[in-house]
Amino acid sequence: MPAFPDDVPGDAADDALLALGRALRDAGYRFTTVTPATHARVNARPGNEEARDLAGVFGWSRPFRPGVVPEAMAGAMERAGVLERRGGLLRSAVRASTLEEELFLHSAFPTTAADAVFFGPDTYRFASAILGALRGRERPVRRAVDIGCGAGPGGIVVAKALPGAEVAMVDINAAALRLARVNARLAGTANAGARRSDLLTGVEGGFDLIVSNPPYLVDPGERAYRHGGGPLGAGLSLAILDAALERLAPGGTLVLYTGAAVVNGGDPFRAAAAERISRNAVRWTYREMDPDVFGEELEAEAYRGADRIAAVVLTVERDA
């Protein structure tokens, strides 16, 4: 039993979703999730109108005809509530992606719903940032938390790398917490639990490791997985930094993977983060992991003055 137990127990639908994930894994399924723009381009090619294999169904989110998915998988989808019917075709309401040899269930493409659960190239970079920080860490991690966990990849990567740590996966999105619970069971990480929390409200104590990959774009629809709020989408990232600075234990580390809009060669997010960090007894590093992501967003009014959006990693270490 993890020290951070799930705040909502699993039910029969969760068990069915877990069975679906296990069946996909046993079938040797693998899929790397791409950006929405790439996904749309690939699906728009002639011949890709319908899925003809598991990757088409659970990776590319294409409609499919009965018989494409094995009967046992289709039954699990039905029981889990993720099998949609549209005319004479079927569709999966979830996608499945592989990361660090684990399988993660998340929202189907396109992610237009307000409670859609994100997984994509940012997720792979986030996992890489976490593992990089852990490789250089000497102090033990007893308590860890993934803020805004989504489908749970950050928390599960931590729980797999640190099986002796107690890992909380927190989010305000009930759909995300359901997937995080199922994905943790699928990965066999009994030391990770999912619970509803706005930042760290209701989760007590300090943490040796805090990780987060928050939404960082300005989204007119304010979808939970995408809208960062504040100036140029940095609002939630700065709020997480504030919360982490209050709750990092002595010797603790924050790994914040986010996006930063660069304006006239300057980085307003970095400047705002530096001002907050300067009031605390901590050490920090900041680096661009990718200098140019979501370039299509520069066409939006909110980014009229931006040169680019960079994927960045802010690492903060509190003195022991």
**Prompt:** Quick check: anything in the range 176-184 assigned by TED's automatic domain parsing to the domain that holds residue 162 and outside any helix (DSSP H, G or I)?
**Reply:** no
**Message:** Need a quick list: strands (runs of 3 or more DSSP E) entirely within the range 57-173 having at least 3 residues that are under 30 Å from residue 45 (Cα atoms).
**Reply:** 83-86, 89-92, 94-99, 102-107
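Would you mind stating whether residue 221 is closer than 21 Å to residue 93 by Cβ, more than 16 Å from the chain's Cα centre (by Cα) and either surrounded by fewer than 22 Cβ atoms within 10 Å (Cβ to Cβ) or among the aliphatic types (A, V, I, L, M) (or both)?
For residue 221, the condition - closer than 21 Å to residue 93 by Cβ, more than 16 Å from the chain's Cα centre (by Cα) and either surrounded by fewer than 22 Cβ atoms within 10 Å (Cβ to Cβ) or among the aliphatic types (A, V, I, L, M) (or both) - is met.
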**Request:** Mind counting the residues in the range 86-108 that are touching a strand residue (DSSP E or B) at 6+ places or on another chain (Cβ under 8 Å) and of a type in the set (D, E, K, R)?
**Result:** 2
**Message:** Could you check the range 270-294 and list, in sequence order, the residues that are out of contact with any strand residue (DSSP E or B) (no Cβ under 7 Å at 6 or more places or on another chain) and assigned to a helix (DSSP H, G or I)?
**Reply:** 271, 272, 274, 275, 276
**Asked** Here are some conditions: (1) in a helix (DSSP H, G or I); (2) among the aliphatic types (A, V, I, L, M); (3) over 18 Å from residue 297 (Cα atoms). Residue 232 meets all but one. Which one does it not meet?
**Response** (3)
**Asked** Which one is farthest from residue 5 (Cα to Cα), of the residues in the range 177-226 that are among the polar types (S, T, N, Q) and free of Cβ contacts under 8 Å to residues at least 60 places away in the same chain?
**Response** 201
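Conditions (1) touching a Ser or Thr at 6+ places or on another chain (Cβ under 9 Å); (2) closer than 21 Å to residue 9 by Cβ, marked per residue:
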site: 110; (1), (2): yes, no
site: 114; (1), (2): no, no
site: 128; (1), (2): no, no
site: 133; (1), (2): yes, no
site: 137; (1), (2): yes, no
site: 140; (1), (2): no, no
site: 159; (1), (2): yes, yes
site: 202; (1), (2): no, yes
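For every residue, the table says whether it meets (1) within 22 Å of residue 171 (Cα to Cα); (2) surrounded by fewer than 20 Cβ atoms within 10 Å (Cβ to Cβ); (3) among the small types (Gly, Ala, Ser); (4) not assigned by TED's automatic domain parsing to the domain that holds residue 187.
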position: 4; (1), (2), (3), (4): yes, no, no, yes
position: 20; (1), (2), (3), (4): no, no, no, yes
position: 27; (1), (2), (3), (4): no, yes, yes, yes
position: 39; (1), (2), (3), (4): no, yes, no, yes
position: 42; (1), (2), (3), (4): no, yes, no, yes
position: 47; (1), (2), (3), (4): no, yes, yes, yes
position: 54; (1), (2), (3), (4): no, no, no, yes
position: 61; (1), (2), (3), (4): no, no, yes, yes
position: 98; (1), (2), (3), (4): yes, yes, no, yes
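Just to be sure, is residue 90 surrounded by 14 or more Cβ atoms within 10 Å (Cβ to Cβ), touching a Pro at 6+ places or on another chain (Cβ under 8 Å) and over 20 Å from residue 152 (Cα atoms)?
Judged against the criteria, residue 90 is a match.
Only one of 80, 174, 113 is touching a residue at least 24 places away in the same chain (Cβ under 8 Å), surrounded by 17 or more Cβ atoms within 10 Å (Cβ to Cβ) and of a type outside the set (Lys, Arg). Can you tell me which?
Result: 80 is the single residue among 80, 174, 113 that is touching a residue at least 24 places away in the same chain (Cβ under 8 Å), surrounded by 17 or more Cβ atoms within 10 Å (Cβ to Cβ) and of a type outside the set (Lys, Arg).
How about the range 227-236: which of its residues are free of Cβ contacts under 8 Å to residues at least 60 places away in the same chain and either surrounded by 21 or more Cβ atoms within 10 Å (Cβ to Cβ) or within 22 Å of residue 140 (Cβ to Cβ) (or both)?
Pass one, the range 227-236, residues free of Cβ contacts under 8 Å to residues at least 60 places away in the same chain: 227-231, 234-235.
Those that are free of Cβ contacts under 8 Å to residues at least 60 places away in the same chain and either surrounded by 21 or more Cβ atoms within 10 Å (Cβ to Cβ) or within 22 Å of residue 140 (Cβ to Cβ) (or both): 228, 234.
The values are calculated or read from the model by the stated rules, or taken from the named source; none is laboratory data. Only a predicted model underlies this, so the values are computations on that prediction, with no experimental measurement involved. As a convention, Cβ positions derive from the backbone with ideal geometry for all residues, glycine included, and neighbour counts pool all protein chains shown.
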